[in-house]
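Note sheet for the following structure.
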Protein chains: 2
Amino acid sequence: MNQRLTPRKQPRQKRSQETCAVILEAAARILETDGLGGLTTNRVAVTAGVSVGSLYQYFPSKEAILAELIRRLRRSLLADCQIAVESVRGRPLEDAVDALVRASLQHHLVRPALARVLERAEDELPLEEDLRAIKGELMKLVIGALKDRNVANADQVAFDLVALGHGLASAAIASGETDLESLFSRLRRATLGYLGLPVSLPEPGAGGVTAA
Amino acid sequence: MNQRLTPRKQPRQKRSQETCAVILEAAARILETDGLGGLTTNRVAVTAGVSVGSLYQYFPSKEAILAELIRRLRRSLLADCQIAVESVRGRPLEDAVDALVRASLQHHLVRPALARVLERAEDELPLEEDLRAIKGELMKLVIGALKDRNVANADQVAFDLVALGHGLASAAIASGETDLESLFSRLRRATLGYLGLPVSLPEPGAGGVTAA
DNA sequence: TACTTATGTGAGCTTTTGCTCGCATTACAC
DNA sequence: GTGTAATGCGAGCAAAAGCTCACATAAGTA
């Protein structure tokens, strides 16, 4: 089992870039249908309509394919969250939380099955330095947004909010939910509740949890 | 790959019961150190100090070992939660939430690494009927505790609370936390916040989240 | 055109892994 | 003891999976 998780060689021509893309997409589809256990290099190659040799030209191991998929997912999540934070600059804590929650939930709902599998893979694999870095950036982003709004103990609060959001999103997706708004309002309640903020109700009639 | 996940034959003598136990413990230790990928039948047998043949006498497949470990973990969690709910019969919602949160957190902290791996395995494996049943019981328990205290929309609230707790616990354990009390107070804040209840502070000085 | 480099191929080698089966050993009943 | 059932053993088979390498084709360059 090879140690390297980074691409073996960079594709230089259009043709080979296409090959890389096709391989990654094939892997993604296999993961969606059969999970981590279904992912084999031969199968990826066949599904991609490419020979194993070509696969190994760009990915030194099965794990490298996984790592690349994770890297891309994480990078796009980070980018979306950065945009979200930008968009609420100067606005109060509630809005910042809303924006971040919305961004991350939306992200989970694009290819839910794939996202779930990749997340599991992420903490099974000894994840690479660059992946750690991306994760660190994301935490920094959240911590910054909290600190800017005078939240005390921002490090731990950020950790907890991310974890809570992650938990609810994973469970909801696992059980087949696809309604972003429902998920959003519930996660909103949890996070604002954790922060000790009053939960302003989007739908006054149905927002209450405890009965009279 | 064999389909059966239930033990192939029941051990009748003390000797064979011991063999089963040793096999399961070996599998658990392998999972703790090397994760799902490290689990192979040969390795389990060697680690257990038992021959592969003996292993297959009681477990028809690798998955069966995993399933049995999951079954045991889940059963003990259910039992602990049932006791917790009993112990707060007639007491208010806050106390019930506290008891359940405490029970499940304690459960996660016994063998954290093992618990985590088994949970991942649980939704990779096509989980069995009896496991579904246990999970269903657990949800029923939480839903019942909520309904008894007049919580509206108990089904979804239960789902969300369990998911939130799960998320925070997993993340905390993954990052090496072991302080039950810290975890407890944070998860307490999140759950009570979600429920719209005032968070009564265990430590008035350090309890607040938003600064003045 | 001729030459070089990049890319693509897939048969098949190697290693790993799940699992079987014939035989040995131990516990129990009488 | 003797017989029988339960348990334990581990070499080794078959299948699967990771991966290589010698060769073929396509693209760029002159």
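Going by the alpha-carbon gyration tensor, a ≥ b ≥ c the square roots of its eigenvalues, is the protein assembly as shown rounded (a/c under 1.5) or, if a/c is not under 1.5, prolate (a/b greater than b/c) versus oblate?
Values: a/c = 2.04, a/b = 1.14, b/c = 1.79.
Oblate.
Based on other C-beta atoms within 10 Å, arrange A:134, B:23 from fewest to most. Could you put the intermediate results ahead of the total?
Numbers: A:134 19, B:23 24.
Listed from fewest to most nearby Cβ atoms, that is A:134, B:23.
Using a simple charge model, +1 on the beta-carbon of Lys and Arg, -1 on the beta-carbon of Asp and Glu, nothing else, what dipole does chain B show about its Cα centre, in debye to the nearest 20? Numbers along the way, then the final one.
Details: 27 positive and 26 negative charges, 153 e Å.
That gives chain B a dipole magnitude of about 740 debye.
Quick one: Karplus J couplings for the stretch A:141-147, per residue in order, coefficients 6.51, -1.76, 1.60, θ = phi - 60°, nearest Hz, x for Gly and Pro?
4, 5, 4, x, 4, 6, 4
Using modelled amide H (1.01 Å from N, peptide plane; none on Pro or chain starts), what sits under 5 Å from the amide H of residue A:149, excluding residues fewer than 5 places away?
none
Each residue of the stretch B:42-57 in order: what ³J(HN,Hα) in whole Hz does its phi give by Karplus 6.51 cos²θ - 1.76 cosθ + 1.60, θ = phi - 60°, with x for Gly and Pro?
For the stretch B:42-57, the Karplus-derived couplings read 4, 5, 4, 4, 4, 4, 7, x, 9, 7, 4, x, 4, 4, 6, 5 Hz, x marking Gly and Pro.
State the answer as a single residue: which of A:126, A:49, B:193 lies farthest towards the positive end of the charge dipole of the protein assembly as shown, with beta carbon charges of +1 for Lys and Arg and -1 for Asp and Glu, about the Cα centre.
A:49
Can you tell me the dipole magnitude for the protein assembly as shown around its Cα centre, using point charges on the Cβ only (Lys, Arg +1; Asp, Glu -1), in Debye to the nearest 20?
On the way: 54 positive and 52 negative charges, 225 e Å.
Dipole of the protein assembly as shown, to the nearest 20 debye: 1080 debye.
Calculate the radius of gyration of the Cα atoms of the stretch B:77-130 to one decimal place, then report Dmax, the largest Cα-Cα distance, as a whole number, both in Å.
Values for the stretch B:77-130 (Cα only, Rg and Dmax): 13.8, 39 Å.
Give me the compactness ratio for the stretch A:12-141, meaning the Cα radius of gyration over 2.2 N^0.38 Å. Please report the intermediate quantities before stating the final value.
Working: Rg = 16.8 Å, N = 130, 2.2 N^0.38 = 14.0 Å.
Against the compact-globule rule of thumb, the ratio is 1.20.
Looking at chain B as a GNM with Cα springs under 10 Å, which of B:129, B:68, B:137 has the largest mean-square fluctuation?
Result: B:129 has the largest fluctuation of those listed.
How high is the relative contact order of chain B, given as a whole-number percent (alpha carbon pairs under 8 Å, six or more residues apart)?
Details: 179 pairs, mean separation 43.1, N = 212.
Rounded, it is 20 percent for chain B.
Along its three principal axes, how long is the stretch B:69-195 when you only count alpha carbons? Whole Å, largest extent first please.
Cα extents, longest axis first: 36, 34, 23 Å.
For a footprinting-style exposure proxy, rank B:162, A:85 by other Cβ within 10 Å, fewest first. Write out the running numbers ahead of the final one.
Details: B:162 21, A:85 18.
If I rank by nearby Cβ atoms, fewest first, I get A:85, B:162.
Where Lys and Arg each count +1 and Asp and Glu each count -1, what net charge lies around residue A:167 among other residues with Cβ under 11 Å from its Cβ? Write down the numbers at each step before the final one.
Values: positive: none; negative: A:160, B:160.
Once all neighbours under 11 Å are counted, the net charge is -2.
Between residue B:123 and residue A:174, what is the label-point separation in nm under the 7 Å Cα-to-beta-carbon projection?
0.4 nm
Mind giving me the FRET efficiency for residue B:29 and residue B:197? R0 is 30 Å, r the Cβ-Cβ distance, nearest 0.05 is fine. Let's see the in-between values first.
On the way: r = 41 Å, r/R0 = 1.38.
The formula returns an efficiency of 0.15 here.
In which sequence would B:98, A:148 go, from the one with the fewest C-beta neighbours within 10 Å to the one with the most?
Fewest to most other Cβ atoms nearby, the residues stand as A:148, B:98.
Taking a label point 7 Å from Cα toward Cβ, how far is residue A:82 from its twins in the other copies, in nm, shortest first?
Result for residue A:82, in nm, nearest copy first: 5.3.
So what is the 222 nm mean residue ellipticity for the protein assembly as shown from helices alone, if each DSSP H run of at least 4 adds -39500 (n - 2.57) and you divide by all residues, rounding to the nearest 500 deg cm²/dmol? Can you show the working numbers first?
Values: 18 runs with 299 residues, N = 424.
It comes out at -23500 deg cm²/dmol, rounded to the nearest 500.
Hey, what do the phi angles of the stretch A:112-123 turn into as Karplus ³J(HN,Hα) couplings, whole Hz, using 6.51/-1.76/1.60 and θ = phi - 60°, x for Gly and Pro?
Couplings: x, 4, 4, 4, 4, 4, 5, 5, 4, 4, 4, 9 Hz.
Compute, for the stretch A:3-63, the length of the dipole vector about the Cα centre, with Cβ point charges of +1 (Lys, Arg) and -1 (Asp, Glu) only. Units Debye, rounded to 20.
360 debye
Net charge within 15 Å of residue A:89 by Cβ-Cβ distance, Lys/Arg positive one each and Asp/Glu negative one each, not counting residue A:89 itself?
Values: positive: A:91, A:147, A:149; negative: A:86, A:94, A:95, A:98, A:148.
Counting the neighbours of residue A:89, the net charge comes to -2.
Quick one: if the Förster radius is 22 Å, what FRET efficiency do residue B:133 and residue B:156 give, using the C-beta to C-beta distance and rounding to 0.05? Present the calculation step by step, with values, prior to reporting the outcome.
On the way: r = 21 Å, r/R0 = 0.96.
According to the calculation, E is roughly 0.55.
Every number here is computed from the coordinates shown, using simple stated rules; none is lab data. Being a predicted model, the structure only gives us computed values, none of them experimental. Virtual Cβ from ideal backbone geometry, glycine too; neighbours counted across all protein chains shown.
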